[in-house]
Amino acid sequence: MGFWAMSSGALAAGKMPVSIGNMPEMMVNSSSSQFPTDGAYSQNYANGNRKMLGYFKNGQPDGVWTRWFDNGNKSQELHFVAGKLHGKGTMWYPDGKPLSEKYFENNIEQGKSKAWYENGQKKQEMVMQNGQQVNLMTWDKRGNLTSEFNIQHGKNTGVALSWYENGNKRSERLYESGELISEQSWDIDGNLIE
């Protein structure tokens, strides 16, 4: 699941992109002379509601950057230190329910990230170490666990599990350095498939 990717070089060019998975891009399109070296930067929607608020220090994003939907609810909040993502990043649905959260250290994803469906059910949990995904768990919209697997050096490793929507186990695969070692599968009623 993609989340945020900050390009400090783009800031100097007058654009500050923050790519956010399936969400629209948070983009400030203006000349670099319109960004303050130090202090607040803000934008408003035509209806007067706040669209974006962030702070610069020494020409770099620093502190909390927040973006809102035109209805006034927050859409995302990012924390920067000296131009780098650092701390918790959060996104919301337009109705104010949480969409996702991630943690960053010096622009690198670190720790546990979470995502939710619009109905509030957990969608996925992912553990990152030094920007590399090491564990992923997914759920369906009703809250049933659908898969869990581990990754090492970009390759599946260990046991990978998946389940049917009714909760019955679908498959169990054993990986070693990305190579499938063994596999078992079950039908939707829980019967082992030979």
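Within segment 67-118, track down each residue that is among the basic types (Lys, Arg) and free of Cβ contacts under 8 Å to residues at least 40 places away in the same chain.
Hits for segment 67-118 are LYS74, LYS88, LYS97, LYS112, LYS114.
Let me confirm something: among GLN121, GLN184, which residue is outside the structural domain of ASN58 (by TED's automatic domain parsing) and either in contact with a Phe, Trp or Tyr (Cβ under 7 Å, 6 or more places away or on another chain) or touching a residue at least 60 places away in the same chain (Cβ under 8 Å) (or both)?
When all the criteria are applied, what remains is GLN121.
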*Right, ASN168: within 30 Å of GLY120 (Cα to Cα) and within 26 Å of the chain's Cα centre (by Cα) or not?*
no
*Say we look at segment 132-170 and pick out the residues that are among the polar types (S, T, N, Q) and more than 16 Å from ALA115 (Cβ to Cβ); which of these is surrounded by the fewest Cβ atoms within 10 Å (Cβ to Cβ)?*
ASN166
*Among the strands (runs of 3 or more DSSP E) lying completely within segment 75-194, list those that include at least 3 residues that are farther than 29 Å from PHE56 by Cβ.*
111-116, 122-129, 132-139, 145-152, 155-163, 169-176, 179-186
*What residue, among those in segment 33-74 that are aromatic (Phe, Trp, Tyr) and either loosely packed, with under 13 Cβ neighbours inside 10 Å or in a loop (DSSP other than H, G, I, E, B) (or both), is modelled with the lowest pLDDT?*
PHE35
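The values are calculated or read from the model by the stated rules, or taken from the named source; none is laboratory data. Note that this is a predicted model, so its numbers are computed, not measured. For neighbour counting, all protein chains shown are included, and Cβ atoms are generated from backbone atoms with ideal geometry for every residue, glycine included.
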